[in-house]
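**Q** So that we are looking at the same thing, I have put the structure below in structure tokens.
The values are calculated or read from the model by the stated rules, or taken from the named source; none is laboratory data. Everything numeric in this text was worked out from a predicted model, so none of it was measured. Neighbour counts are summed over all protein chains in view; Cβ atoms, including those assigned to glycine, are modelled from backbone coordinates with ideal geometry.
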Ligand code: ADP
């Protein structure tokens, strides 16, 4: 027997309409390209998004078409975020920090019809124009007429100004209803693990993910919060925050391209931001700025960090010096992206000092609505004892089932689980902790050594700014850990003293065989350590 409840398609325009109707005065604030501040409300976002649909229709965009964006977090980008899926097209956010060859590949693979581009990326679109002219019909610069760049694109690609298109369009569009499983957005993984692969979200997956992300033990997004996503809208949907704010009426503060410590500190304080979200590299930059200037964060209560493991220093320094709580989450492009979040249960709420920090380094509990498990090499489920570690598998309605262009279900195992490529433990309270990416695990004499734990200890050394541990082939043990460290400005690292801090913190056989001091470590387009590069450079270090 079926229930007798109303049915309604979950839709991205539904999120926007809710924001406009019930949080009509909630603010969306943007730092613009010129460094000025633009403010408006959800009711204006909704009205302008309808206008933008009309402009998109005039450019020939229709249902199912891919609309690419190369843009920072800002209000015009937000309007594309809502207008494209709202009309049944697909908002394809492109990571401009990728290599131009990868960007050209992605645009062609997605067959983007139009690109909406921030002024900073004018040279980039010019560079890829010739290679993308088979699919791209038009490039729209997200600016006013006076700021239009003077560039030449390839023949067949028209050049437009966003504000001019908007001025010429009307607002009479009515948001249509369609199947909630319709594709809404497309985002390619950054290629930390090979060629970029497209993850195609649906209206339903986006809505459910946004709902779960708002929960008290996750973002705790509320109408009284003001949230600044440093995490870019071009990468993994800015962790769902542009949707969470419309659903809850939380203020949305978009920082544009100004992501250095000084600019962020100024914006966080000026806009009374209560929660800000981004990767550890950003917080290290902010911390350094605050320490040098002695400035204080006046309104921020929480920093959400994720994307790579959190160094303990971040949690301690923001707690002790700024009275700000650093909270840790985990996810990936394929998970929309948030999968777990570390909020304490009653048993952990009383932890203090080092015990509290130790616990906060875990990536956290699964969001309600999706599920996880860890398995050994044969696919057998491992116990949740906080010790056994294995491949982390996930399942649920905001997790990819296949990559764009592949057969439905092709990214899943026979039981419908998605292998994350991460290796982790899960403790009896359900807190997951990543020990490595599967390719980064060091296999020494048949046993596994996790590189993240070794890196976290290395960065607690007073002279170490950044550390990477990789597997280097070894004549006797198959692989052994090699530690690479970068010194803090003005400091000199004594390798022996780095090895000494491991004493008592790890099993003896986990100790890196050698420490190499290097000038810098390679990073990916999303600020993560690029271990593939390090591995190719140092994989035979112990063989020599
Ligand atoms: P990519 O890094 O391939 O571009 P994603 O941005 O989707 O793609 O990254 C997802 C990966 O980032 C995860 O599989 C995991 O390895 C890593 N990651 C994300 N959050 C955390 C975290 N809090 N701690 C450790 N690793 C993390």
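**Q** Given the criteria in a loop (DSSP other than H, G, I, E, B) and within 30 Å of residue 337 (Cα to Cα), does residue 527 qualify?
**A** Yes; evaluated as a whole, the condition is true for this residue.
**Q** Among 198, 194, which is within 16 Å of the ligand (Cβ to nearest atom) and modelled with pLDDT of 95 or more?
**A** When all the criteria are applied, what remains is 198.
**Q** Applying the selection to segment 285-311, what residues are in contact with a helix residue (DSSP H, G or I) (Cβ under 7 Å, 6 or more places away or on another chain) and either closer than 22 Å to residue 338 by Cβ or assigned by TED's automatic domain parsing to the domain that holds residue 457 (or both)?
**A** Scanning segment 285-311 gives 286, 300, 303, 305, 308, 309, 310, 311.
**Q** Tell me the residue from 39, 54, 50 that is surrounded by fewer than 21 Cβ atoms within 10 Å (Cβ to Cβ) and in a helix (DSSP H, G or I), please.
**A** Just a single option satisfies the conditions, and that option is 54.
**Q** Which residues, counting only those in segment 485-499, are surrounded by 14 or more Cβ atoms within 10 Å (Cβ to Cβ) and in contact (Cβ under 8 Å) with a residue 24 or more places away in the chain?
**A** 485, 486, 487, 488, 493, 498
**Q** Okay, moving on. Of the conditions (1) in contact with a strand residue (DSSP E or B) (Cβ under 9 Å, 6 or more places away or on another chain); (2) assigned to a helix (DSSP H, G or I), residue 67 satisfies every one except a single condition; which number is it?
**A** Result: residue 67 passes all but (2).
**Q** Just need a number here: residues in segment 383-411 that are surrounded by 16 or more Cβ atoms within 10 Å (Cβ to Cβ) and free of Cβ contacts under 8 Å to residues at least 12 places away in the same chain.
**A** So the answer is 1.
**Q** If you check residue 466 against the conditions, is it surrounded by fewer than 21 Cβ atoms within 10 Å (Cβ to Cβ) and more than 24 Å from residue 280 (Cβ to Cβ)?
**A** Numbers: surrounded by fewer than 21 Cβ atoms within 10 Å (Cβ to Cβ): yes; more than 24 Å from residue 280 (Cβ to Cβ): no.
Answer is no for this residue.
**Q** Would you call residue 210 crowded, with 24+ Cβ neighbours inside 10 Å, more than 14 Å from the ligand (Cβ to nearest atom) and either under 22 Å from residue 90 (Cβ atoms) or at pLDDT below 95 (or both)? Steps first, please.
**A** Working: crowded, with 24+ Cβ neighbours inside 10 Å: yes; more than 14 Å from the ligand (Cβ to nearest atom): yes; either under 22 Å from residue 90 (Cβ atoms) or at pLDDT below 95 (or both): yes.
For residue 210, the condition - crowded, with 24+ Cβ neighbours inside 10 Å, more than 14 Å from the ligand (Cβ to nearest atom) and either under 22 Å from residue 90 (Cβ atoms) or at pLDDT below 95 (or both) - is met.
**Q** Among (1) outside any helix (DSSP H, G or I); (2) touching a residue at least 40 places away in the same chain (Cβ under 8 Å); (3) in contact with a helix residue (DSSP H, G or I) (Cβ under 8 Å, 6 or more places away or on another chain), which single condition is residue 466 missing?
**A** (3)
**Q** I've got another one for you. Restricting to segment 310-335, and then to whatever is within 10 Å of the ligand (Cβ to nearest atom) and part of a loop (DSSP other than H, G, I, E, B), can you tell me which residue is nearest to residue 467 (Cα to Cα)? Show your work before the answer.
**A** From segment 310-335, those within 10 Å of the ligand (Cβ to nearest atom) are 310, 328-335; that's our starting set.
Okay, now just the ones that are also part of a loop (DSSP other than H, G, I, E, B), so 310, 332.
Values: 310: 13, 332: 22 Å.
This residue is 310.
**Q** Next up: Take segment 264-280 and flag every residue that is surrounded by 18 or more Cβ atoms within 10 Å (Cβ to Cβ) and either in a helix (DSSP H, G or I) or over 19 Å from the mean Cα position of the chain (by Cα) (or both).
**A** Matches in segment 264-280: 264, 265, 267, 268, 271, 273, 274, 280.
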